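Note sheet for the following structure.
The values are calculated or read from the model by the stated rules, or taken from the named source; none is laboratory data. The shown structure was predicted, so the numbers you read here are calculated from the model rather than taken from an experiment. Glycine also receives a Cβ, built like all others from the backbone with ideal geometry; neighbour counts cover every protein chain displayed. The area values use the complete protein model at the heavy-atom level, side chains included, leaving out ligands, DNA and RNA. Shrake-Rupley method; radii C 1.70, N 1.55, O 1.52, S 1.80 Å.
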Amino acid sequence: MLLVLIAFFLGKRFFRTGVQRIFDLVVSRLLEDPFSENLLELWSAVRRTSFQNIIHISMRAETGKIIKRPLGSPKPFNHYDNLLFVPAQLVRSPIEVSVPVDLSVTLGPKAEKPMTLPIPLLIGGMGFGVGLSEQAKVALAKAAKELGTATNSGEGPFLAEERKAAGKFIWQVSRHDYGRDPQGIAAADMIEVQMGQGARMGGHVIEPHEIKGKAQKIMGISPVSSLKGYATFPDITSPQDWPRFIRDLRKEVGGKPIGLKLMGGGRLEADLAIAIEAGFDVICVGGSQGGTAASSPTISDDFGMPSINNLVRTQRYLKEQGVRHEVSLIAAGGYATPGECLKALALGADAIYVGTVPLFALVHKQIGKVMPWEPLTQLVYYNSKYKNRLDVELAAQSVVKVINSFTMEMEEGIRAMGKKSIADLGPHDLVALDQWTAELTGVPRA
């Protein structure tokens, strides 16, 4: 026992002395070495260039190819932070908790078979194979069914297990050879033509090593050939081709709503004019804050416009053209809180696509299966060796709970404004904290 105590105190003393000497050496080097030999040079470089850009430079130097970054842009785009709701207190009375709030929405009202949902939150498009694993897609579908809302196939191939688990299902007609799969069209409650999204648009290539196994077989692609996502659809060579494209597609869909998903940009109104002429029933505009399984930093950081700009400009243009009551509007890109979703609804959106929220909810209580050695996305990505560790039922219930939490907070907010339905919301329920937001949205300054 005595030897143990002696060893402890000696070890403690030598440890303290050793740490102190190392600390003195490091601090002395930092304070005394010229910049050309000083590690502080890296700190200056990081502050000037950013740590992420330094990593990007190294990745580009390693591969000499386009780098693919997941989850969208980290840039702090203008969003909804400078908008606040107007509370009901004396002029208007708030609504009691016992009064139900109507959150239902109908998408594609002019279609023969419009899609009606009990809540305005939809699971965004995240493709099987090109992004998520089968386990993750089935979990999202199960959650959407329990919530009564719709899930979106994304750009991946038709996954029968996803459709079987889902209730309402949106099939995304993507710019891939399998994109117009008759199975997907027949099984869907709504069709969505994908021309772009907030974090990615245009043509792109997926290398053969990135997609193997089941997804590769369903897609019908060679294990040695790259998968190409076309820049546009093969039968679209000019804007004048879009009405014919939609007429032909409408013959296949049997009265279901046909939507368009695009990245909102500087010529948004010109794109919307083509969409209106073509006869789309639903328009989804993705903002620069949108996420994706993989996109080049240039496309996700430097293209498009923020979600709030897209929503306001689309709403305004549809009204000006007299078609707002015919065309449904879905907002997408960076909607991470119930308040942001509610503000978008007040500014004119009929529904919101959420992607990052359910994606992170999928791994709730399961992060210890991969962290700290791997990022959380390794539990849900298709090309991950850890995807089979995802507990599908637990993941689905976590998504159900997070969306239920969102809707409950939205209901609470609507009652606090003295309203009973999302249909009662409007820009008059908001004030802006700055001039830029006030001018953009048309709501008064606070």
Note: among LEU90, LEU84, just one is within 25 Å of the chain's Cα centre (by Cα), over 23 Å from PHE303 (Cβ atoms), open to solvent by 70 Å² or more (accessible area, probe 1.4 Å) and at pLDDT 75 or above, namely LEU84
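How many residues does region 208-250 contain that are hydroxyl-bearing (Ser, Thr, Tyr) and either surrounded by 11 or more Cβ atoms within 10 Å (Cβ to Cβ) or part of a helix (DSSP H, G or I) (or both)?
Keep residues of region 208-250 that are hydroxyl-bearing (Ser, Thr, Tyr), which gives 222, 225-226, 230, 232, 237-238.
This time we only want the ones that are either surrounded by 11 or more Cβ atoms within 10 Å (Cβ to Cβ) or part of a helix (DSSP H, G or I) (or both), so: 226, 230, 232.
Final tally of qualifying residues: 3.
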Being in a loop (DSSP other than H, G, I, E, B) and either among the hydroxyl-bearing types (Ser, Thr, Tyr) or touching a Leu at 6+ places or on another chain (Cβ under 9 Å) (or both) narrows VAL443, VAL431, VAL399, VAL357 down to just VAL443
Picked from region 83-92 (must be in contact (Cβ under 8 Å) with a residue 12 or more places away in the chain and not hydrophobic (A, V, I, L, M, F, W, C)), the residue nearest to LYS145 (Cα to Cα) is PRO87
The residue from LEU379, LEU425 that alone is in contact with a Lys or Arg (Cβ under 7 Å, 6 or more places away or on another chain) and modelled with pLDDT under 95 is LEU379
Quick count over region 319-338, residues being polar (S, T, N, Q) and surrounded by fewer than 17 Cβ atoms within 10 Å (Cβ to Cβ), is 2
In region 166-185, residues that are out of contact with any strand residue (DSSP E or B) (no Cβ under 7 Å at 6 or more places or on another chain), within 16 Å of ILE246 (Cα to Cα) and either open to solvent by less than 20 Å² (accessible area, probe 1.4 Å) or not acidic (Asp, Glu) (or both) total 1
When region 32-73 is checked residue by residue, the ones that are modelled with pLDDT of 75 or more and touching an Asp or Glu at 6+ places or on another chain (Cβ under 8 Å) are SER73
Can you find a residue in region 93-116 that is open to solvent by 20 Å² or more (accessible area, probe 1.4 Å), touching a residue at least 60 places away in the same chain (Cβ under 8 Å) and outside any loop (DSSP other than H, G, I, E, B)? yes
For region 60-70 the number of residues that are of a type in the set (A, V, I, L, M, F, W, C) and under 17 Å from GLU210 (Cα atoms) is 2
Residues of region 49-76 being hydrophobic (A, V, I, L, M, F, W, C) and open to solvent by less than 50 Å² (accessible area, probe 1.4 Å), in sequence order, are ILE54, ILE67
Residue hits (region 382-412; open to solvent by 70 Å² or more (accessible area, probe 1.4 Å) and either basic (Lys, Arg) or modelled with pLDDT under 95 (or both)) are ASN383, LYS385, ASN388, ARG389, LYS401
Taking the condition touching a Ser or Thr at 6+ places or on another chain (Cβ under 6 Å) and either on the phi > 0 side of the Ramachandran plot or surrounded by 22 or more Cβ atoms within 10 Å (Cβ to Cβ) (or both), does LEU122 pass?
-> yes
Of the listed residues (GLY322, GLY348), the one being in contact with a Ser or Thr (Cβ under 9 Å, 6 or more places away or on another chain), on the phi > 0 side of the Ramachandran plot and not in a strand (DSSP E or B) is GLY348
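Scanning region 413-446 for residues that are without any contact (Cβ under 8 Å) to a residue 12 or more places away in the chain and open to solvent by 20 Å² or more (accessible area, probe 1.4 Å), which turns out farthest from ASP350 (Cα to Cα)?
GLN435
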The condition from (1) in a strand (DSSP E or B); (2) open to solvent by 20 Å² or more (accessible area, probe 1.4 Å); (3) modelled with pLDDT of 90 or more that LEU262 misses is numbered (2)
Checked region 360-381 for anything under 16 Å from PHE128 (Cα atoms) and open to solvent by 20 Å² or more (accessible area, probe 1.4 Å); matches are THR377, GLN378, TYR381
